[in-house]
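Notes to accompany the following structure.
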Amino acid sequence: MGIKQSLKQQVQKSTLVWGSYQTVKAQVNRLRTAAFYRYDAGRSWRYMIWRPTNDARWALSSELLFQYHKLEKGLVMPGKPRLFGTDPVRATMALMRRWEAAGHPTSDPIYRGACATVSCYRAGLQARGLERESPALAQIDKFLSERQSTLAVDPMTTPVPLAAPGTAAAGSWQAFEALSVARRSVRDFSSQTVPAELVQEAVRVAALSPSACNRQPNKVVLIEGREEIDRALAFQNGNRGFGHKVPLLAVLVVDSTGYFDGSERNQAYVDGGLFAMSLMFALRALGLGSCSLNWCVTPATDRAFRKLGHVKDQETIMMMLAIGYPPEAVTVPLSPRRHADDVIRWSKGGRA
Ligand SMILES: Cc1cc2nc3c(=O)[nH]c(=O)nc-3n(C[C@H](O)[C@H](O)[C@H](O)COP(=O)(O)O)c2cc1C
């Protein structure tokens with residue numbers, strides 16, 4: 001037996017000494033956790049803040065996606081047409097100019113998606129009779145006329161109809177691809193009640209998701225009733241224009257007491273994210289639609305939301321999820337994806 005093991009056996013003999021050892025160990029772990037968070041803070045400081053001077057393709061394409069997604073989203077909002085997107089369209093055009101000046105390829109699907117979205121936004125304003133209200137109209141028209149050649153190549157349109165799940169031919173790959181295509185963020189819902197059994201069934205299957213050491217830390221808090229949903233959504237910044245149509249709201253949380261120390265500080269988000277993805281697939285396969293709703297909030301908002309009583313103190317909020325039946329003929333943004341070659345990097349030259 002090694003020295004460490006025999007020492008441990010001696011210590012375990014006395015309940016008092018063993019208890020004190022455990023208390024000290026927990027305190028040391030807390031201090032180590034503080035050091036881990038300091039490391040994370042340093043990385044966030046260095047890499048996470050957008051800078052107007054960073055024209056690297058990855059950072060610029062992320063900013064572009066962020067901005068033009070607001071235009072795509074505006075084009076699928078239910079209800080009375082109203083002017084939207086003036087700041088995002090200006091930001092998108094400015095980012096595209098930076099992209100071009102930096103010499104990045106204009107064949108990139110993210111850049112082409114931006115160009116198409118500005119064009120569809122322009123058409124959307126016209127279709128809604130809002131073009132005269134837009135203070136950016138002249139800028140947009142000039143911008144688009146200078147980019148006719150990009151727009152002419154294999155034109156993209158947004159929005160597009162939501163695909164139905166389960167239309168694939170037999171075969172697991174086709175079925176998976178069809179479900180991936182059909183699982184889109186839906187931002188309009190019919191008033192049909194979502195049956196509790198369907199949610200139960202979706203959660204049962206989503207629970208098959210992997211989690212670190214199979215601890216399965218996920219919980220789904222369901223909120224129903226117009227007033228209660230609206231009260232909860234008032235704390236979330238991404239549901240404007242469609243929040244009032246959400247018939248069932250889930251708060252996806254992870255119980256943080258399932259993790260042993262600070263080295264697992266990000267595990268909740270990994271386990272929670274994997275579960276959330278499966279849940280969205282499951283809901284879609286059952287004919288429902290969903291929309292993830294970010295929980296990128298300040299500590300003050302997080303605390304205030306907790307006062308509504310839906311979430312326990314030890315539960316970390318991953319995100320909210322709007323759930324409901326999509327209305328017939330609902331549309332979703334095109335939301336072009338990066339090319340797989342842009343996502344894969346064979347390390348150190350690899351097979352590339
Ligand atoms: C964690 C997370 C948070 C999101 N938050 C919001 C949100 O607050 N409001 C919203 O309308 N969409 C939200 N979305 C949906 C994204 O905009 C959407 O997933 C993305 O544009 C890709 O489109 P798709 O889901 O239709 O494929 C969120 C997605 C994720 C994964």
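The values are calculated or read from the model by the stated rules, or taken from the named source; none is laboratory data. Not measured: the values here are computed from a predicted model. We place every Cβ from the backbone using ideal geometry, glycine too, and count neighbours over all the protein chains shown. Quick note on the areas: whole protein, heavy atoms, side chains included, nothing else; ligands and nucleic acids left out. Shrake-Rupley method; radii C 1.70, N 1.55, O 1.52, S 1.80 Å.
Some notes on this structure:
- Among the numbered conditions (1) more than 30 Å from Leu60 (Cα to Cα); (2) within 16 Å of the ligand (Cβ to nearest atom); (3) loosely packed, with under 15 Cβ neighbours inside 10 Å, the only one that Gln174 does not meet is (2).
- Qualifying residue in the range 194-208 (condition: part of a loop (DSSP other than H, G, I, E, B), within 15 Å of the ligand (Cβ to nearest atom) and more than 30 Å from Glu264 (Cβ to Cβ)): no
- Residue selected from the range 236-247 under the condition crowded, with 18+ Cβ neighbours inside 10 Å and within 18 Å of the chain's Cα centre (by Cα), by the criterion nearest to Met318 (Cα to Cα): Gln236
- Of all residues in the range 36-61, those being in a helix (DSSP H, G or I) and either among the acidic types (Asp, Glu) or in contact with a strand residue (DSSP E or B) (Cβ under 7 Å, 6 or more places away or on another chain) (or both) number 1.
- Filter pass, Asp261 being modelled with pLDDT under 95, of a type in the set (D, E, K, R) and closer than 25 Å to Ser44 by Cα: yes
- Candidates in the range 14-35 are the residues that are in a helix (DSSP H, G or I) and among the small types (Gly, Ala, Ser); of these, the one that is surrounded by the most Cβ atoms within 10 Å (Cβ to Cβ) is Ser20.
- Residues (modelled with pLDDT of 95 or more, more than 13 Å from the ligand (Cβ to nearest atom) and open to solvent by 50 Å² or more (accessible area, probe 1.4 Å)) located in the range 290-329: Thr298, Pro299, Ala300, Arg303, Lys307, Leu308, Gly309, Lys312, Asp313, Gln314
- Residue match in the range 203-221 (condition: at pLDDT 95 or above, among the aliphatic types (A, V, I, L, M), open to solvent by 60 Å² or more (accessible area, probe 1.4 Å) and more than 16 Å from Trp295 (Cα to Cα)): yes
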